[in-house]
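Participant: Submitted below is the structure of interest, expressed as structure tokens.
The values are calculated or read from the model by the stated rules, or taken from the named source; none is laboratory data. On a predicted model such as this, the values are computed, not experimentally measured, just so you know. Here the Cβ positions follow ideal geometry from the backbone for every residue, glycine too, while neighbour counts run over all protein chains shown. Surface areas here come from the heavy atoms of the whole protein model, side chains and all, with no ligands, DNA or RNA. Shrake-Rupley method; radii C 1.70, N 1.55, O 1.52, S 1.80 Å.
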Amino acid sequence: MRQLFAVLLACALQWTGHAAADEPQAVDVQLAGQPAASARDSALMAPLQNIHGRSHLSLNGRWSYIIDPYENGYYDYRRQAFDASKSGKGGFYDDRKPKDKGDWVEYDFDRAPTMKVPGDWNSQAEKLQLYEGTVWLRQVFEADPKPGKHYVLYFGAVNYEAHVYLNGKKLGMHKGGFTPFQFDVTGRLAKGRNVVVVKADNTRRQDEIPTVNTDWWNYGGITRDVLLAELPSTYIADYKLQLAKGNARRLQGFVQVAGAKKAGQVQLAIPEAGFKASVQLDANGRAAIDLPVGKLDYWSPQQPKLYAVELSAGDDRVVDRIGFRTIETRGQDILLNGKSVFLRGISLHEENPLIPGRLRGQGDMRMLLQWAKELNCNFVRLAHYPHSEEMTRLADEMGLMVWAEVPVYWTISWTNPATLDNAATQLGDMIVRDKNRASVIVWSVGNETPISAPRNAFMGSLVRTARSLDDTRLVAAALEIHRKGRDITIEDPLAELIDLASFNEYAGWYWASNAEMLDFRFDIRLDKPVVVTEFGADALGGYHADADTRWSEEYQDRLYQNQFKMLSGIPGLRGMTPWVLADFRSPRRQHPYFQDFWNRKGLISDDGKKKQAFWTLKQHYDAVQRRYEK
Ligand code: GCB
């Protein structure tokens with residue numbers, strides 16, 4: 001069905017797929033329920049479902065790069081953007097060689113160094129380790145575009161602001177470091193040599209999502225796949241197929257077709273389940289799906305069953321692997337396929353502690369999720385931003401439920417409408433991308449946001465956005481606790497709007513010590529399942545002392561034991577995701593001996609060794625599992 005191609009500097013395109021038919025058409029899909037368009041450059045295409053399942057050419061490989069701290073490749077000496085000028089000349093996206101002496105340029109991609117894409121830049125050049133600013137990246141590839149096909153240039157993620165140029169012309173701009181975006185490049189590809197240039201800028205700004213202050217490394221660059229997809233003239237742009245909320249005998253969702261002939265029929269099939277149906281598209285190329293289905297093998301961590309689901313419309317055919325399960329809450333229970341579950345979780349960042357930088361691909365992802373399995377987890381919190389699509393697909397396959405989150409973290413600019421728009425767009429893009437993943441059971445709209453009227457309105461709006469896009473999953477946020485004397489409570493109006501009583505609490509670390517923490521008790525008065533989304537302590541792997549000595553493995557271990565004692569006093573406790581699976585890099589963590597730019601709350605150290613608390617948590621989860629799954 002598809003072929004993968006690696007590109008180094010240039011290679012010939014070969015496509016699998018479909019016969020040429022009609023004339024090229026502009027991509028005109030508009031998804032219903034898509035969040036406000038204003039945060040999105042109008043040149044961007046609506047998200048395309050399952051891009052890796054389409055005929056595509058990978059543009060990954062080595063890209064040439066130019067570090068541009070003063071943005072000389074973007075602005076002229078009067079600080080006017082080159083790409084807004086008439087000639088467009090002078091910008092670093094202009095790959096042409098100077099023709100005469102008047103065409104003076106002071107850059108040269110052909111002699112520039114190269115870096116790996118996907119890959120953050122910080123880990124690839126010493127000069128870039130702490131760099132925040134603009135880097136230009138260029139890839140050259142060969143194409144042979146065919147009439148009657150659609151071509152889509154896709155980026156899995158670029159942190160943070162990306163300006164994209166193809167053959168010297170601007171395609172558009174995208175903001176947000178963790179969600180995919182794509183351009184329709186039909187009619188813009190040359191036969192033969194093509195040049196794609198990206199201006200990536202990871203400068204932190206107060207009004208962006210995330211804002212200036214976070215506890216993770218601000219890795220810049222093209223951190224996920226770059227693909228050029230070829231689609232037939234009429235193609236399946238998006239689809240959702242999930243069990244209806246609380247009804248394991250109904251399939252619900254939609255199909256959205258785009259391109260030349262939008263009306264017509266879409267065939268759906270799950271051959272292994274003997275399911276076949278066809279739905280009629282309306283004039284906008286959309287069909288709702290609401291169909292009875294026989295009994296399926298439902299997806300669960302014990303049996304992560306995925307079915308091959310086939311969709312076809314005209315010449316287009318897409319196959320996805322989809323699991324089916326229901327998730328809901330009843331009182332203080334979380335019901336997976338109608339049965340109460342306890343979420344034995346762990347939080348993790350998209351970073352491999354063993355090598356510098358962001359995860360490089362499936363091997364790294366599998367290692368992290370395998371560590372979670374060794375802890376006997378059935379749940380992972382993919383903090384604090386959307387992790388890659390490959391990660392949620394792996395979680396599907398490995399049987400791990402997922403908490404997926406957007407980087408609405410700490411002190412966002414609550415009153416800026418553009419900031420809300422941006423947050424809603426990132427949330428929408430995450431939901432659109434991962435809505436067919438059985439593993440994803442929670443959409444989180446943010447982490448530790450401080451209560452105020454503007455913040456409550458902002459977060460309330462995100463909760464509504466999430467619910468309007470997907471009513472089959474839980475919506476939550478990692479809240480903060482409040483202390484009243486010795487009582488630990490939740491007094492946050494946002495708690496009323498979400499499905500879980502979910503909060504971070506750092507008893508024993510940021511307040512009270514191991515010796516004092518057991519004097520406190522939880523008083524959670526919400527009739528919702530309680531999920532403790534963080535607790536933890538820094539421990540330098542291999543540093544041993546008594547359980548009262550901070551930074552030691554013993555201190556961290558005792559803190560976990562004490563936490564289990566405290567948490568056992570919460571009647572509605574239905575899960576936890578302690579902070580955090582592995583040590584991770586953070587510029588905030590300055591202790592020269594114990595931290596040295598690392599957050600040491602990992603249960604696994606930066607050399608991959610399991611700290612004592614790893615085994616304590618595993619033992620706890622083994623006991624919880626015995627109680628819940630007997
Ligand atoms: C938190 C944050 C997390 C930090 C952690 C810490 O509350 O949600 O991003 O890394 O605490 O280590 O302080």
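Participant: Checking Tyr543 against (1) within 16 Å of the ligand (Cβ to nearest atom); (2) farther than 28 Å from Gly331 by Cα; (3) touching a Ser or Thr at 6+ places or on another chain (Cβ under 6 Å), which test does it fail?
Facilitator: Failing condition for Tyr543: (1).
Participant: Restricting the search to the stretch 166-217, which residues are crowded, with 24+ Cβ neighbours inside 10 Å, among the small types (Gly, Ala, Ser) and more than 16 Å from the ligand (Cβ to nearest atom)?
Facilitator: Selection gives Gly176, Ala200.
Participant: Filtering the stretch 553-575 down to residues that are in contact with a strand residue (DSSP E or B) (Cβ under 6 Å, 6 or more places away or on another chain) and away from the ligand (no atom under 14 Å from the Cβ), which residue is nearest to Ala507 (Cα to Cα)?
Facilitator: Filtering the stretch 553-575 for residues that are in contact with a strand residue (DSSP E or B) (Cβ under 6 Å, 6 or more places away or on another chain) and away from the ligand (no atom under 14 Å from the Cβ), the one nearest to Ala507 (Cα to Cα) comes out as Leu567.
Participant: Sort out which residues of the stretch 570-616 are crowded, with 21+ Cβ neighbours inside 10 Å and over 26 Å from the mean Cα position of the chain (by Cα), and write them in order of number.
Facilitator: Lys611, Ala613
Participant: To continue, here is another question. Residues Ala229, Ala248: which one is open to solvent by 20 Å² or more (accessible area, probe 1.4 Å) and either assigned to a strand (DSSP E or B) or in contact with a strand residue (DSSP E or B) (Cβ under 6 Å, 6 or more places away or on another chain) (or both)?
Facilitator: Ala248
Participant: It is to be established whether one or more residues within the stretch 212-225 are within 22 Å of the chain's Cα centre (by Cα), in a strand (DSSP E or B) and in contact (Cβ under 8 Å) with a residue 24 or more places away in the chain.
Facilitator: So far as the stretch 212-225 goes, yes, one or more of its residues are within 22 Å of the chain's Cα centre (by Cα), in a strand (DSSP E or B) and in contact (Cβ under 8 Å) with a residue 24 or more places away in the chain.
Table: residues versus (1) small (Gly, Ala, Ser); (2) closer than 22 Å to Asn352 by Cβ; (3) modelled with pLDDT of 95 or more; (4) not in a helix (DSSP H, G or I).
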{"residue": "Asp546", "(1), (2), (3), (4)": "no, no, yes, yes"}
{"residue": "Ile570", "(1), (2), (3), (4)": "no, no, yes, yes"}
{"residue": "Arg589", "(1), (2), (3), (4)": "no, yes, yes, yes"}
{"residue": "Tyr593", "(1), (2), (3), (4)": "no, no, yes, yes"}
{"residue": "Phe614", "(1), (2), (3), (4)": "no, yes, yes, no"}
{"residue": "Val624", "(1), (2), (3), (4)": "no, no, yes, no"}
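Participant: Under 7 Å between Cβ atoms, at least 6 apart or on separate chains: pull out the pairs that start in the stretch 536-547 with a residue that is within 13 Å of Tyr593 (Cβ to Cβ) and hydroxyl-bearing (Ser, Thr, Tyr) and end on any residue that is open to solvent by 20 Å² or more (accessible area, probe 1.4 Å) and within 16 Å of the ligand (Cβ to nearest atom).
Facilitator: Listed by first residue and then by second, the contacts come to Tyr543/Trp551.
Participant: Which one is nearest to the ligand (Cβ to nearest atom), of the residues in the stretch 232-245 that are surrounded by fewer than 24 Cβ atoms within 10 Å (Cβ to Cβ) and small (Gly, Ala, Ser)?
Facilitator: Of everything passing the filter in the stretch 232-245, Ala244 is nearest to the ligand (Cβ to nearest atom).
Participant: Scan (1) surrounded by 18 or more Cβ atoms within 10 Å (Cβ to Cβ); (2) under 25 Å from Asp429 (Cβ atoms) for the single condition Val293 breaks and write down its number.
Facilitator: (2)
Participant: While we're looking at this one, here's another question. Do we find that Lys262 is of a type in the set (D, E, K, R), touching a strand residue (DSSP E or B) at 6+ places or on another chain (Cβ under 8 Å) and within 22 Å of Val135 (Cβ to Cβ) in this structure? Steps first, please.
Facilitator: Values: of a type in the set (D, E, K, R): yes; touching a strand residue (DSSP E or B) at 6+ places or on another chain (Cβ under 8 Å): yes; within 22 Å of Val135 (Cβ to Cβ): no.
No, not satisfied.
Participant: What residue, of Ala383, Ala404, Ala395, is away from the ligand (no atom under 16 Å from the Cβ) and either within 30 Å of Arg360 (Cα to Cα) or not β-branched (Val, Ile, Thr) (or both)?
Facilitator: One residue alone meets the criteria, Ala395.
Participant: Test of understanding: among Phe520, Phe458, Phe503, which residue is in contact (Cβ under 8 Å) with a residue 24 or more places away in the chain and open to solvent by 20 Å² or more (accessible area, probe 1.4 Å)?
Facilitator: Being in contact (Cβ under 8 Å) with a residue 24 or more places away in the chain and open to solvent by 20 Å² or more (accessible area, probe 1.4 Å) holds for just one of Phe520, Phe458, Phe503, which is Phe520.
Participant: Same structure, new question: Restricting to the stretch 585-602, count the residues that are within 12 Å of the ligand (Cβ to nearest atom) and over 18 Å from Tyr219 (Cβ atoms).
Facilitator: 3
Participant: Follow-up. Quick check on Arg138: is it open to solvent by 10 Å² or more (accessible area, probe 1.4 Å) and in contact with a Ser or Thr (Cβ under 6 Å, 6 or more places away or on another chain)?
Facilitator: When the stated conditions are applied, Arg138 passes them.
Participant: Just checking, how many residues over the stretch 117-132 are more than 22 Å from the chain's Cα centre (by Cα), under 18 Å from Arg204 (Cα atoms) and open to solvent by less than 40 Å² (accessible area, probe 1.4 Å)?
Facilitator: 2
Participant: In addition: It is to be established whether one or more residues within the stretch 433-441 are more than 16 Å from the ligand (Cβ to nearest atom) and open to solvent by 10 Å² or more (accessible area, probe 1.4 Å).
Facilitator: Yes, because at least one residue in the stretch 433-441 is more than 16 Å from the ligand (Cβ to nearest atom) and open to solvent by 10 Å² or more (accessible area, probe 1.4 Å).
Participant: Any chance you could count how many residues in the stretch 316-325 are surrounded by fewer than 21 Cβ atoms within 10 Å (Cβ to Cβ) and either farther than 12 Å from Asn50 by Cα or of a type in the set (D, E, K, R) (or both)?
Facilitator: Total satisfying the criteria: 3.
Participant: State the number of residues belonging to the stretch 61-78 that are over 17 Å from Val105 (Cα atoms) and either of a type in the set (D, E, K, R) or in contact with an Asp or Glu (Cβ under 6 Å, 6 or more places away or on another chain) (or both).
Facilitator: Total meeting the criteria: 1.
Participant: Given the conditions (1) more than 20 Å from the chain's Cα centre (by Cα); (2) part of a strand (DSSP E or B), and given that Asp238 satisfies all but one, which numbered condition is not satisfied?
Facilitator: (1)
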